[in-house]
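See below for the structure under consideration.
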Amino acid sequence: MFIIKHLVEPLELKEYRILNSRMILNPKEKLHYLNLEKGNEGEKNFNSLLCNLPGNFLVVNDILLEKNNTFFQIDTLLFFQNNIYLCDVKNYEGDYFIKEQRWYSVATGKEIQSPLTQVSRCISLFRRYLQDLDINFPVKEFLIFINPEFTLYEAPRHQSIVHPTQVNRFMNQLKSIPSKLNDHHFKLAEQIVKDHVKVNPYKKLPYFEFKQLKKGVTCKSYCSFMKNVGDKEMICKVCGYTEGLESAIMRSVGDLRILFPKQKIVQEWCNLQISKKAVRRILMKYLTVRHHGRYSYYVFPPYKNN
Ligand SMILES: [Zn+2]
């Protein structure tokens, strides 16, 4: 198994995580954020199963493609000798049912967007994308429900649905597909990665300003803010996670940069109970200082996101 494109946490999720720890999200935003977390967790779980598989195939994760101004997102593509598997991973939890091809949550009784419709839209756009490249690979779609706490009532016996109880079997099947890869497979996978749209046009962040966000250094898991222990360490007020002062500050600087790529006010963001001079010393160790007239500011190293 060769990973051509690794799974990375989407920028939108990182942004939401930081915002959630520093401001109050409205219920809609909060739900969206939690869905992002959940979706990401599902993809991670799926990927860790894939990573343990022997077998000769290529893996391309998290692809956003565009066809005639229509965007479509693919969780995972698997390239075998004779076909491509398009995997849509859902981390749904709880009970759902299907009635007249519509999907509902048992708990809320509310209709949800049919994942089958989503995946079939995705695969038809992907097929068109391949056609335009003059590529004739058969593509099969799979809708994978990765969460063991998911149950679907009245499920159609649909070839493309992989229920939680079938995930292991699905993985075993992948393992046994005989597959000889050649240059064409690698070239196509690389082409797809090249065509991946980096800026998600559907991203919707809540409105926020620097001054309105709570300042301080948050814990690595974003459960709360950290406080100083002595002058070399910080501890999370909730989970007790401890971290070296320098590493905690630089992590926080990384967060600042995700939300405000141009913001240079680092001291205020970290809001530390230590002298400004001490903070400056740490920043100077990791960042480049530029002087502009009377002012000086820090320059971040280049930042990469999928
Ligand atoms: Zn914590």
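The values are calculated or read from the model by the stated rules, or taken from the named source; none is laboratory data. Since this is a predicted model, take the numbers as computed values, not measurements. As a convention, Cβ positions derive from the backbone with ideal geometry for all residues, glycine included, and neighbour counts pool all protein chains shown. With ligands, DNA and RNA removed, areas are computed over all heavy atoms of the protein, side chains included. Shrake-Rupley method; radii C 1.70, N 1.55, O 1.52, S 1.80 Å.
Overview of values
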quantity: Qualifying residue in the stretch 162-176 (condition: over 23 Å from Gly42 (Cα atoms), at pLDDT below 95 and in the same structural domain as Leu58 (by TED's automatic domain parsing)); calculated: yes
quantity: Matching residues in the stretch 195-253 - criterion: being polar (S, T, N, Q), away from the ligand (no atom under 12 Å from the Cβ) and surrounded by 12 or more Cβ atoms within 10 Å (Cβ to Cβ); calculated: Asn200, Asn228, Ser247, Ser252
quantity: Among the residues listed as Phe145, Phe170, the single one being open to solvent by less than 50 Å² (accessible area, probe 1.4 Å) and either small (Gly, Ala, Ser) or in contact with a helix residue (DSSP H, G or I) (Cβ under 8 Å, 6 or more places away or on another chain) (or both); calculated: Phe145
quantity: In the stretch 1-16, the residues that are part of a helix (DSSP H, G or I) and open to solvent by less than 40 Å² (accessible area, probe 1.4 Å); calculated: Glu12, Leu13, Glu15, Tyr16
quantity: Inter-residue pairs, beta-carbon under 7 Å, first within 14 Å of Glu209 (Cα to Cα) and open to solvent by 100 Å² or more (accessible area, probe 1.4 Å) and in the stretch 257-286, second at pLDDT 85 or above and among the small types (Gly, Ala, Ser), 6+ apart; calculated: none
quantity: Of the criteria (1) under 22 Å from Glu37 (Cα atoms); (2) near the ligand (Cβ under 10 Å from one of its atoms), which one Phe260 fails; calculated: (2)
quantity: Residue that is surrounded by the fewest Cβ atoms within 10 Å (Cβ to Cβ) [pool: residues in the stretch 63-99 that are among the aromatic types (Phe, Trp, Tyr) and over 12 Å from Val139 (Cβ atoms)]; calculated: Phe71
quantity: Single condition His158 does not satisfy, out of (1) open to solvent by less than 30 Å² (accessible area, probe 1.4 Å); (2) away from the ligand (no atom under 16 Å from the Cβ); (3) not aliphatic (A, V, I, L, M); calculated: (1)
quantity: Among residues of the stretch 147-182, those that are among the hydroxyl-bearing types (Ser, Thr, Tyr) and outside any helix (DSSP H, G or I), counted; calculated: 4
quantity: Check on Glu41, open to solvent by 30 Å² or more (accessible area, probe 1.4 Å), out of contact with any Gly (no Cβ under 8 Å at 6 or more places or on another chain), closer than 21 Å to Pro10 by Cα and in a strand (DSSP E or B); calculated: no
quantity: Positions within the stretch 53-62 being part of a loop (DSSP other than H, G, I, E, B) and open to solvent by less than 10 Å² (accessible area, probe 1.4 Å), in sequence order; calculated: Phe57
quantity: Unique residue being free of Cβ contacts under 8 Å to residues at least 40 places away in the same chain, in a helix (DSSP H, G or I) and open to solvent by less than 50 Å² (accessible area, probe 1.4 Å) when the list is Leu50, Leu36, Leu19; calculated: Leu36
